[in-house]
1. Two-decimal Rg/Rh of segment 31-138 from alpha-carbon positions, Kirkwood Rh?
2. Treat every Asp and Glu Cβ in segment 31-138 as -1 and every Lys and Arg Cβ as +1, leave all other atoms uncharged, and give the resulting dipole magnitude about the Cα centre to the nearest 20 debye.
3. Would you kindly state how much longer the chain becomes between residue 101 and residue 138 on full extension, computed as 0.36 nm times their sequence separation minus their alpha carbon distance, in nm to one decimal?
4. Excluding residues fewer than 8 places away in the same chain, name every one of the lysines whose C-alpha is closer than 23 Å to that of residue 66.
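Here, each number is a calculation from the coordinates, and none is a lab measurement. This is a predicted model, so every value here is computed, not measured. No Cβ is skipped: glycine too gets one built from the backbone with ideal geometry, and neighbour counts run over all protein chains shown.
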Amino acid sequence: MHQEESPSPNEHQPADNFADLSASIPRERLPVTRTSITHKFSVCGTEGYLIVGLYEDGRPGELFIKIAKEGSTLSGLFDTIGILTSLGLQYGVPLKVLAAKLEHTRFEPCGHSKNKEIPEASSLIDYIFRWLAMKFPDSHDPKTSGE
C-alpha cells in the first residue's frame, strides 16, 4: 500500500483562500480594444520600446517593455517587469507608488539617454518609471479621484 508523504514545509503550497482573496481585490481589466502609447527609448546604447495600454479615461493599465536584445536575459526580465507592473495597475496600485519605489534604482546599463527631459538615467528601470511618472502625472484610481 502506497502512502502519500505530506509535503515538507519548504515546498510551495497554493493558498487555500486564494479564491476569497481574489474576490476581495477586484481586477480592473482593460477594454478588449484600447488606445496605447508607444515610446522609443535609449539608455547608454540599449534601445527599447515602452507600450502603455490605456483605460478609456486615459489611465495606464498595462505596460509592455521591449528591449532590442530579444531573447536575452535582460529582455526576459523586462517582460516580467511589464507583467508585474500591469498587474499592479489593474489591481489598483497607483502608478505614483510604483514609480516612487523604482525611480533612481542603480545598475547597468545606465547613463545618457536621448530624451531631453530625462538626460541621464541610473538604470533602465529608473528611466522607465521616471518617464511613466512624467507622462501620467495625474493617473489615479477612479475610486479615489476626489482626493
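1. Rounded to two decimals, Rg/Rh equals 0.94.
2. 100 debye
3. Contour length minus Cα-Cα distance gives 11.6 nm.
4. Of all the lysines, those that pass the test against residue 66 - Cα under 23 Å, at least 8 places apart if same chain - are 40, 96, 101, 114, 116, 135.
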